[in-house]
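K.L.:
Starting off with a structure, shown below.
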Amino acid sequence: SRFYDKVLSLHEDSATPVSNPLLAFTLIKRLQSDWRNVVHSLEASENIRALKDGYEKVEQDLPAFEDLEGAARALMRLQDVYMLNVKGLAQGVFQRVTGSAVTDLYSPRRLFSLTADDCFQVGKVAYDMGDYYHAIPWLEEAVSLFRGSYGEWKTEDEACLEDALDHLAFAYFQAGNVSCALSLSREFLLYSPDNKRMARNVLKYEKLLAESPNQVVAEAVIQRPNVPHLQTRDTYEGLCQTLGSQPTHYQIPSLYCSYETNSSPYLLLQPIRKEVIHLEPYVVLYHDFVSDLEAQKIRGLAEPWLQRSVVASGEKQLPVEYRISKSAWLKDTVDPLLVTLDHRIGALTGLDVQPPYAEYLQVVNYGIGGHYEPHFDHATSPTSPLYRMKSGNRVATFMIYLSSVEAGGATAFIYANFSVPVVKNAALFWWNLHRSGEGDGDTLHAGCPVLVGDKWVANKWIHEYGQEFRRPCSSSPED
């Protein structure tokens, strides 16, 4: 009954997507491990057959462990990029802590705190990867919460205080903090004095400290594990946190807003509102490019076909940790709306967006902690799968925001040092190549992790061939 109430509280607003990442993680955990623990517990013995039958009927449709692991890693990603405080997250608040300054990044309508077992699960995912930088604060929080509720063990929990102390002690030992490992191991033995393995660990730690007494004072600093694009990480995360460093528009007259028709009869009666965001690289934002109904329909068309997103790796397409999202490709024959969309993009950009000169529309959904670390849209290697279309490289990107988000999810241009927030129904356009055909290094960009919300975008990638008379070549590398 208690477990049922727990799950029911997570479904209060089932008509809308789960936007709070803490709530999403907890819901996955309740359905993945907690329910299984209840079904297979001794407390369930009276109704064991009925419980197991009901569980087995839906088991294959429940989240798998990889879903739970992915959700835990997403929380750690948000913790890193937005410098979130773990203690605050456990209490349901999203706070950035830098020194003595505390900044609220998002205020949820309903506070949703994590249990000791929830924190343990996140810490254990990091622990199993050998990532003690993330494991320690989450296991610390689990130990603190388990201490506060000791003796109130719940059937659905995977762990208890002893488990959390055991993992935290070894994590501190691996991180070089032997004195903390010893203190936690001794506490463990208070609750489980007959554990011979832990007794051996205590002797081992005491011996190490006796041999190196300086360890008590000078503990090792735990380094954050390396991630791809390490050289751009600080800039990338800074742009995600602060939403850019671009100047205000009135300081640079060449950054302006206008009604754009591009001399196209198609747009004369309904020009698009254009905002020039940046000049080098040239990036513009077209406001209200699609309507709410169009955005909703595109999402609906793509939803049944969504699959884990991949990236080009040599001659192959592979799923990777630095791109977490789901995507689907929509041919223009799927619905007349997609033909209308192509006409609108073509009129606005002046480019040929018909296959093979452009790719089909790619619709992408970024869920809990979804992101795409710094990358180029254009191919940087002659062996790239992009050239299989035999229509040259990607000359331009047209990205439509199909939803809004409550926090995070900005598009950050790393070397150009600015970022653009998600603007629902707007479209972001930029050139990937110079007029000479060389790639523009300043277009290195990233999709910041979605802190709160459900981010949908649609990408239209336009290729070089077919644009010869629409965007003529130039011998100057600056053009």
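The values are calculated or read from the model by the stated rules, or taken from the named source; none is laboratory data. As the structure is a prediction and not an experimental result, all values here were calculated from the model. These area figures cover heavy atoms from the full protein model, side chains too; ligands, DNA and RNA do not enter into them. Shrake-Rupley method; radii C 1.70, N 1.55, O 1.52, S 1.80 Å.
K.L.:
Ordered by residue, what ³J(HN,Hα) values in Hz, to whole numbers, does segment 165-176 give under the Karplus form 6.51 cos²θ - 1.76 cosθ + 1.60, where θ = phi - 60° and Gly and Pro are x?
P.N.:
Using θ = phi - 60°, the values come out as 4, 4, 5, 5, 4, 5, 4, 5, 4, 5, 7, x Hz.
K.L.:
Report, in whole Å, the centroid distance computed from the Cα atoms of segment 82-100 and segment 312-364.
P.N.:
So the separation of the two Cα centres works out to 38 Å.
K.L.:
Which pairs break 21 Å Cα to Cα here: 124/207; 124/204; 29/424; 274/424; 390/460; 154/196? Let's see the in-between values first.
P.N.:
Details: 124/207 27 Å; 124/204 23 Å; 29/424 31 Å; 274/424 14 Å; 390/460 17 Å; 154/196 26 Å.
Correct reply: 124/207; 124/204; 29/424; 154/196.
K.L.:
While we're looking at this one, here's another question. Which whole-Hz ³J(HN,Hα) couplings does segment 77-91 yield from phi under the Karplus relation 6.51 cos²θ - 1.76 cosθ + 1.60, θ = phi - 60°, glycine and proline marked x?
P.N.:
Listing the rounded values in order: 5, 5, 4, 6, 5, 9, 6, 7, 7, 5, 4, x, 4, 4, 8 Hz.
K.L.:
Quick one: angle between helix 178-191 and the longest Cα principal axis of the chain, in degrees between 0 and 90, rounded to 10, please.
P.N.:
On a 0 to 90 degree scale, this one is about 60.
K.L.:
With angles folded into 0 to 90 degrees, how steeply does helix 48-58 sit against the dominant principal axis of the chain? Use alpha carbons for both and round to 10.
P.N.:
Helix 48-58 sits at roughly 20 degrees to that axis.
K.L.:
Now, a different point. Using a 1.4 angstrom probe on heavy atoms only, work out the carbon and sulfur share of the accessible area of segment 261-328 in %. Walk me through the intermediate numbers first.
P.N.:
Details: 2090 of 4020 Å².
Ligands and nucleic acids excluded, carbon and sulfur reach 52 percent.
K.L.:
Between 0 and 90 degrees, rounded to the nearest ten: what's the tilt of helix 116-128 against the longest Cα principal axis of the chain?
P.N.:
70 degrees
K.L.:
Rounded if a/c is under 1.5, else prolate if a/b is larger than b/c, else oblate: which is segment 80-128, with a ≥ b ≥ c the root eigenvalues of its Cα gyration tensor?
P.N.:
Values: a/c = 2.53, a/b = 1.36, b/c = 1.85.
Taking the square roots of the gyration eigenvalues as a ≥ b ≥ c, segment 80-128 is oblate.
K.L.:
Compare 464, 275 by solvent-accessible area with a 1.4 Å probe and give them largest first, with all protein chains kept in place. Spell out each step's value before the answer.
P.N.:
Values: 464 60, 275 35 Å².
So the residues, ranked largest to smallest area, are 464, 275.
K.L.:
Continuing with the same structure: Using θ = phi - 60° and the Karplus curve 6.51 cos²θ - 1.76 cosθ + 1.60, what whole-Hz ³J(HN,Hα) does each residue of segment 320-327 get, with Gly and Pro shown as x?
P.N.:
Listing the rounded values in order: 9, 6, 7, 10, 10, 5, 10, 9 Hz.
K.L.:
If you don't mind, another one. If I ignore ligands, DNA and RNA and count only protein heavy atoms, how much of residue 166 is accessible to a 1.4 Å probe, in Å² to the nearest 10?
P.N.:
Counting only protein heavy atoms, the figure is 30 Å².
K.L.:
OK, next. Can you list residues whose amide H is under 5 Å from residue 426's amide H, if they're 5+ apart or on another chain and H is modeled 1.01 Å from N?
P.N.:
288, 289, 401
K.L.:
Rounded to the nearest percent, how much of the accessible area of segment 1-211 (1.4 Å probe, protein heavy atoms only) is carbon and sulfur? Before the final figure, lay out each step's value.
P.N.:
Values: 5390 of 10580 Å².
The C+S portion of the solvent-accessible surface of segment 1-211 is 51 percent.
K.L.:
Restricting attention to the alpha-carbon atoms of the chain, what are Rg (one decimal) and Dmax (integer), both in Å?
P.N.:
26.1, 84
K.L.:
I've got another one for you. For the chain, what does the accessible surface come to per residue with a 1.4 Å probe? Please give it in Å².
P.N.:
Numbers: 23440 Å² over 479 residues.
I get 49 Å² per residue for the chain.
K.L.:
List every residue whose amide H lies under 5 Å from the amide H of residue 278, counting only residues 5 or more places away in sequence or on a different chain, with H placed 1.01 Å from N in the peptide plane.
P.N.:
Answer set, sorted by chain and number: 283.
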